[in-house]
Amino acid sequence: MGLDELELAEKPAIEIFQGLGYEYVSPSDLNSTRSSTSTVVLKTRLRKQLQKINPDIPKEALAGAARQLTSTQSPNLLEDNRQFHQQIVNGVQVEYEQNGEQVGRFVQPIDFENPEKNDWLITTQFTVQVGDNPRRKPDMVVFINGLPIGVLEFKNPTDPKATLENAYDQVNSRYRNDISPLFRYNEVIGLADLNEARIGCLDAGWQWYRPWRYIEQEGDERNLPEEEVLLRGVFDKERLLDLIENFIVFSEVDGQPVKMLAGYHQFYGVREAVKSAKDTQGDDLGRIGVYWHTQGSGKSLSMVYFVRKIRRSRDFGNPTFVVVTDRNELDEQITHTFSDAGYNVSWADTIPDLRDKLDRQAGGLIFTTIQKFQTQNDEREHPVVNEREDVIVMADEAHRSQTKELGENLRDALPNASFIGFTATPIHDGDNATRMTFGEYVSQYTIDRSEEDGSTVPIYYESRFAKLQLNKEAISESVRELLDSGDEDLENQLVEKWTTLRRIIETADDRLEKIAGDIVDHYNDREIEGKAMVVSISRKAAVKYKRYIEQQPDSPEVGVVISEPEEYIDDPPNEGKLKRRFKDPDDPLKIIVVCDKWTTGFDCPPLHTLYIDRPMKNHNLLQTIGRVNRVYKDKPGGLVVDYIGIAEDLRQALDKYTSDIQEMAMVDVETAVEVMQQKHYKVSRYLSRIDYEGWQELSELELSRLIHRAESEVIATEEKQEEFMQAVAELKRAFALVTPHNAASEIRSDLLFFEAVRDSLRSLESDSTSKDGELDSAMKKLIAEGVTADDVVSVAGFEKWKSEEPIVSDEFLSDVERVEQPELQVKMLEKLLRNEISTRKQQNLAKYESFEEELEETLNEYNNQFLTTEEVIEELRNYADELQQEDRRKERLGLSAEELAFYDAIATNTETEIDDELLQEIAQEVCEMLKQNVNIDWTNRKAMRSKLKTRVKGLLRKNGLSHSDYQPLVEPIVHQAEALYGDVSAETHS
């Protein structure tokens, strides 16, 4: 067998699962236990396991639990999935009579504490058909106790077109739409080939499918294929149960359910943190550790997973959690994160309210700011509020305020509590106070690893204050005095200096107006769709910025968010409404001006540019720039534009941290320019023999010929074409990141030409279902001098090849003849023939399966250079002529397309000479017989085939064929019937 998907991805996966203790059952053996292909739950195994795990519950009640588990609860698939998830994690509630009384109990579908008590099974090519939908065969399905909790889709790593993104589309589009009942039970979805693997969950976007790096524990990286690491890391029995029980969260966005699966860094990090928390119980120091995961990588959700895992563990009883922040915005954001995830939260409003909420004997999830741990009235020290040992304090951004007086008050109030610090910025080498308070790191997820995994995007820096000659001497001196100080909280610790600078900037209206104009020009010239934020030094400056931005020609809609806005704005808009609008990528509100608000604890993935006109340093600076590092579609990175002079202070802040963080935290935009230029050179090398300079001055005919010559250069091999496509996509992302830099303008015309060549080639792809990778893109459509790539494709003559499905017709064949490049003619003919055969094959298996084999053989000979280009063109033209003749044959015989299919199924499989007129009559009778039996159950293949064979034999006998005559014909006729009416080609992989 050749090197294909089965050999390189599927079979190794089976071996790994068997090594993990799973039972492998072949699809044919498993199908014999199913009532039909629409049944996705292995009900016999489910009933057996329910009895095994819940031996004290009567069979009738267990049967009721099984019915609940397998019954649809909601027409919304994700909502249905949420209710199923709650059932398997929390149990299925049943009632039954015991000793004359009604008893309520929870049936546990899965034993989370004893993995080996569960039934673990995998199968491959799991055939599912729902009603009249197409039949689908996921490559692998993972069952726990008969419930299909996992789906895996594999791709052939040797096929450049078989990408993981294609696998994602297959699962989340075709499978989800056609066999949705399978996904009602789904917890995880894996995509893999030999070299690459990703894990995700139902309805998560492609950007949320992430690699899995570790196996046993954090840092356990081995030199193994990604597929093997993912399978061993995720599907180990204990870890998979932990992932399902504690690391899947359902939330709501705009009233719609959203499912979130922990990334590997969250999974292993939280497991380490919980282990440390267990070891810390009763310890005098109470130091659980520091959990450092870089900004944008899901730290708040890690806090949710941490609480969830501890609450469900028998090792902790019923602890009280106290979540402490030092800013109201963070307090609000984290509180919402927990409440959206379904937690009952208790928010402390005042100091007395906090003390009252803390004074409890068990349980509770309390949110507060550390400022509420102030002393009151005549108190000389903070009183003890709760002496219990099972209190866990979770401090967010722990290093900022936990080691000062308020931090000491917190420890006085909760003297026996355990403390864990969560932070998105690292603790620098000299920060011993934070380590003394919380302990050492329990988990680290660095900037470089986050960007490598796709959890965040890189941040780039551009200085514009010198370019615009903004900072006059008075401003420059004040800024340097502030930033050279030893304090981080510049506004509150250095009040006099801050006030001086604030007043200078607020009253420098010419400067504010100049920056406002630059912001609008810069934003409009960026090649990325999304949002921008302006960070100003004060509320007054923020309001002025909004006004000046609005006055600029072509300004997008702008809003302002400040505390107590009524002091500066008449009838200010609701902040919550502004936040919802700004987060909506389709809302016209594109720019927001802020002072302090929204610079921490605010996530807006479409936000791509941050304009800074406010002195900041250290953690405050890193927190603020982190607003633009969130993943959004194909956003290539975030950009920080500096109008005040913070570059040196960023470098000084990073000097305190490790070298890898210094390199990755923020990159100068000039570095991005160099990368763009390198990628431009790489693409141009593919077209080194093509003179495309000045292409926009050519006539339509000359441009058409130029595009065809460029395509011919690229399609020498399939690998070269795929590499070119990828190189153009990478150049487009680099270009979008750099704009509006002059270097980007210099290559704009070239990039537009490259995109036109790429798009024209896409229109000739033989796989008509392939996904256009930029349909859902964050990039703006590139325009140069009023021309788009679509315009060029139109000139090249391939516009209808994109919009229509090419068929073998004189019109499309004439398109081929007009092309001068032979290699391009081959590509066009291949697309024509593949599309035509794919369409006709379902109607006539006998004819077009052999036709397809001949085509593959011819193309293989050409690719292996056994045929010249001229010879293969001649062969392909002959095939096209044959296809056209087939249409004329149907008319000559007086048969419909379906009748001709059965005519060919009989004619090509009989050794008996059958009169042509009789053959036509038999074909027509077979069609009529099938039409009269529309009640055949096509979802039960075994029963359907048996019934159909009996009827076909009777029909053939009636027409005078002996047993030896008709026996070879029965199977091909049934096979053709399945293809026509059952929407499946038997015994093939999906």
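The C-beta contact set for the range 138-157 (first residue more than 13 Å from Pro27 (Cα to Cα), second residue at pLDDT below 95 and part of a strand (DSSP E or B), distance under 6 angstrom, 6+ apart or interchain) comprises Phe154/Ala192.
Of all the listed residues (Asn386, Asn377, Asn344), the sole one being on the phi > 0 side of the Ramachandran plot and either out of contact with any helix residue (DSSP H, G or I) (no Cβ under 6 Å at 6 or more places or on another chain) or surrounded by 17 or more Cβ atoms within 10 Å (Cβ to Cβ) (or both) is Asn377.
Filtered by the rule that a residue be assigned to a loop (DSSP other than H, G, I, E, B) and either of a type outside the set (Phe, Trp, Tyr) or open to solvent by 10 Å² or more (accessible area, probe 1.4 Å) (or both), the range 200-211 gives Cys201, Leu202, Asp203, Ala204, Gly205, Pro211.
Scanning the range 1-21 for residues that are modelled with pLDDT of 85 or more and touching a helix residue (DSSP H, G or I) at 6+ places or on another chain (Cβ under 8 Å) gives Pro12, Ala13, Ile16, Phe17, Leu20, Gly21. Looking at Thr425, Thr335, Thr368, just one residue is buried (at least 17 other Cβ atoms within 10 Å of the Cβ), of a type in the set (Val, Ile, Thr) and without any contact (Cβ under 8 Å) to a residue 40 or more places away in the chain, and that residue is Thr335. Taking the range 358-373 as the range and being more than 9 Å from Thr320 (Cβ to Cβ) and assigned to a helix (DSSP H, G or I) as the test, the residues that pass are Ile370, Gln371, Lys372, Phe373.
Taking residues in the range 236-255 that are in contact (Cβ under 8 Å) with a residue 60 or more places away in the chain, and partners anywhere that are in a strand (DSSP E or B) and charged (D, E, K, R), the pairs with Cβ atoms closer than 6 Å and at least 6 places apart or on different chains are Phe250/Lys259. Taking the listed residues Val171, Val141, the one that is in a strand (DSSP E or B), closer than 30 Å to Asp111 by Cα and not basic (Lys, Arg) is Val141, with no other qualifying. Of all residues in the range 24-36, those being open to solvent by less than 80 Å² (accessible area, probe 1.4 Å) and either in contact (Cβ under 8 Å) with a residue 24 or more places away in the chain or touching a Ser or Thr at 6+ places or on another chain (Cβ under 8 Å) (or both) number 7. The criterion of at least 2 residues that are more than 24 Å from Trp347 (Cα to Cα) is met, among helices (runs of 4 or more DSSP H) falling completely within the range 220-327, by 226-235, 237-246, 264-280. Being surrounded by fewer than 21 Cβ atoms within 10 Å (Cβ to Cβ), in a helix (DSSP H, G or I) and touching an Asp or Glu at 6+ places or on another chain (Cβ under 7 Å) holds for only one residue in Arg581, Arg547, and it is Arg581. Check Asp412 against each of (1) open to solvent by 60 Å² or more (accessible area, probe 1.4 Å); (2) modelled with pLDDT under 90; (3) at negative phi and name the one condition it does not meet. Condition (2) is where Asp412 drops out.
Has the range 596-604 got any residue that is in a strand (DSSP E or B) and crowded, with 23+ Cβ neighbours inside 10 Å? For the range 596-604, residues in a strand (DSSP E or B) and crowded, with 23+ Cβ neighbours inside 10 Å: absent. Is it the case that some residue within the range 274-286 is open to solvent by 20 Å² or more (accessible area, probe 1.4 Å) and of a type in the set (S, T, N, Q)? Yes; the residues of the range 274-286 include at least one that is open to solvent by 20 Å² or more (accessible area, probe 1.4 Å) and of a type in the set (S, T, N, Q). Go through the range 527-545 and give me each residue that's under 35 Å from the mean Cα position of the chain (by Cα) and either hydrophobic (A, V, I, L, M, F, W, C) or under 10 Å from Val593 (Cβ atoms) (or both). Answer for the range 527-545, where residues must be under 35 Å from the mean Cα position of the chain (by Cα) and either hydrophobic (A, V, I, L, M, F, W, C) or under 10 Å from Val593 (Cβ atoms) (or both): Ile528, Ala532, Met533, Val534, Val535, Ser536.
Note on the range 154-199: residues that are of a type in the set (Asp, Glu), surrounded by 20 or more Cβ atoms within 10 Å (Cβ to Cβ) and modelled with pLDDT under 95 amount to 1.
Checking each residue in the range 37-65 for being open to solvent by 20 Å² or more (accessible area, probe 1.4 Å) and either in contact with a strand residue (DSSP E or B) (Cβ under 9 Å, 6 or more places away or on another chain) or not in a helix (DSSP H, G or I) (or both) picks out Ser38, Thr39, Arg45, Ile53, Pro55, Asp56, Pro58, Glu60.
Yes/no per residue for (1) outside any loop (DSSP other than H, G, I, E, B); (2) open to solvent by less than 20 Å² (accessible area, probe 1.4 Å); (3) at pLDDT 65 or above:
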position: Phe465; (1), (2), (3): no, no, yes
position: Leu468; (1), (2), (3): no, no, no
position: Asn471; (1), (2), (3): no, no, no
position: Leu482; (1), (2), (3): yes, yes, no
position: Asp487; (1), (2), (3): no, no, no
position: Thr500; (1), (2), (3): yes, no, yes
position: Arg503; (1), (2), (3): yes, no, yes
position: Glu513; (1), (2), (3): yes, no, yes
position: Val520; (1), (2), (3): yes, yes, yes
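Scanning the range 612-629 for residues that are at pLDDT 85 or above and of a type in the set (D, E, K, R) yields Asp613, Arg614, Arg627.
The values are calculated or read from the model by the stated rules, or taken from the named source; none is laboratory data. Fair warning: this is a prediction, and the values are worked out from it, not measured in the lab. So basically every Cβ, Gly included, is an ideal-geometry build from the backbone, and we count neighbours across all protein chains shown. When the accessible area is computed, the model is the full protein with side chains, heavy atoms only, and any ligands, DNA or RNA have been set aside. Shrake-Rupley method; radii C 1.70, N 1.55, O 1.52, S 1.80 Å.
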